[in-house]
Amino acid sequence: MDPPAELSREEQLARMRSDWEARARENARYYVASGRADWTDQEFLASGEKVIADDVLTDMSNICQGKTPGSMRVLEIGCGTGRLTRALANLFGEVHAVDISGEMVARAKVALVDRPNAHVYQNNGCDLSVVPAIEFDFAYSNIVFQHIPSREVIENYVREVHRLLRPGALFKFQVQGHEHETAPDDTWNGVWFSDELACAMAERCGFEPRHRHGAGTQYFWLWFFKRA
């Protein structure tokens with residue numbers, strides 16, 4: 001069998017956008033949190049609060065670095081329908097979030113209508129040019145980069161986060177750590193990273209890869225601190 005044909009970055013981004021628009025129309029909540037397909041409103045939002053409790057509230061010293069949460073501006077990549085964005089907005093002073101899917105963003109705006117400190121944008125799937133050029137105190141992404149089939153696109157996101165973070169601030173996110181073959185048009189099982197690849201990406205983008213957890217697994221957590 002011939003190997004899959006390479007796609008240009010523009011073709012990959014178009015495929016990502018098309019696939020996530022289709023998933024959002026089919027069952028947005030399932031594709032955001034695939035543990036179940038029949039989320040109620042209350043259960044779905046409660047699951048987001050639990051994720052933020054596990055990922056953020058247990059790590060406040062690294063995240064806040066002496067700042068009060070209410071004074072902090074936070075960036076989220078891959079917000080989906082706003083499940084985690086809402087939980088972040090309940091904790092931090094200001095939250096800005098992006099997603100490649102216009103359908104997901106429309107649903108997120110409805111979910112966040114009573115959270116005026118949360119701002120959601122549809123981006124192009126590879127950079128953060130749609131986000132206001134303001135300084136952020138923390139950046140976060142959960143189960144997003146695991147779906148991207150291009151290390152180039154992921155690294156561009158990391159470089160863009162570096163552009164927007166204040167010196168010393170943390171970007172806490174996951175990549176796929178389980179080694180596997182990835183087709184260039186597979187927008188569900190994204191490209192994988194070894195510990196060495198992740199650390200090299202951090203250095204190229206101006207980050208210190210201070211902590212890592214879960215190398216070799218689907219949920220490979222990275223703590224990238226922006227170098228002063």
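Read the figures in this text as sums done on the coordinates, not as results from a lab. A quick note: this is a predicted structure, and the numbers were derived from the prediction, not measured. Positions of Cβ are generated from backbone atoms using ideal geometry, with glycine treated the same way; all protein chains shown enter the neighbour counts.
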Return the whole-Å distance between the Cα centroid of the stretch 6-58 and the Cα centroid of the stretch 59-92.
18
Taking Lys and Arg as +1 and Asp and Glu as -1, residues besides F224 with C-beta under 12 Å from its C-beta add up to +4
If you add up the charges near Q122, with Lys and Arg at +1 and Asp and Glu at -1, over every other residue whose beta carbon is less than 13 angstrom from its beta carbon, what do you get?
-1
Counting sequence-distant residues (5 or more places) and residues on other chains, those with an amide H built under 5 Å from that of E94 are M72, V74
Environment charge at G102 (Cβ cut-off 12 Å; Lys +1, Arg +1, Asp -1, Glu -1):
+1
Whole-Hz Karplus couplings 3J(HN,Hα) for the stretch 48-61, θ = phi - 60° and coefficients 6.51, -1.76, 1.60, Gly and Pro as x, run x, 4, 5, 4, 5, 4, 6, 8, 10, 5, 7, 9, 5, 5
If every alpha-carbon in the stretch 9-226 counts as one equal scatterer, what log10 I(q)/I(0) does Debye give at q = 0.10, 0.16, 0.17 1/Å?
-0.39, -1.11, -1.27
Quick one: what are the phi-derived ³J(HN,Hα) couplings along the stretch 196-205, Karplus 6.51/-1.76/1.60 with θ = phi - 60°, whole Hz, x for glycine and proline?
5, 5, 5, 5, 5, 4, 4, 5, 4, 9
For F220, what residues show an amide H to amide H distance below 5 Å, using hydrogens built from the backbone and excluding near sequence neighbours?
V175, G177
Two-site FRET efficiency, R159 against R9, from Cβ-Cβ distance with R₀ of 25 Å, rounded to 0.05
0.95
So if each residue of separation counts as 0.36 nm, and I subtract the Cα-Cα distance between N117 and E203, what length gain in nm does that give?
27.7 nm
Dipole check, the stretch 9-226, charges on Cβ (K,R +1; D,E -1), about Cα centroid: among Y31, L222, S150 the Cα furthest to the positive pole belongs to L222
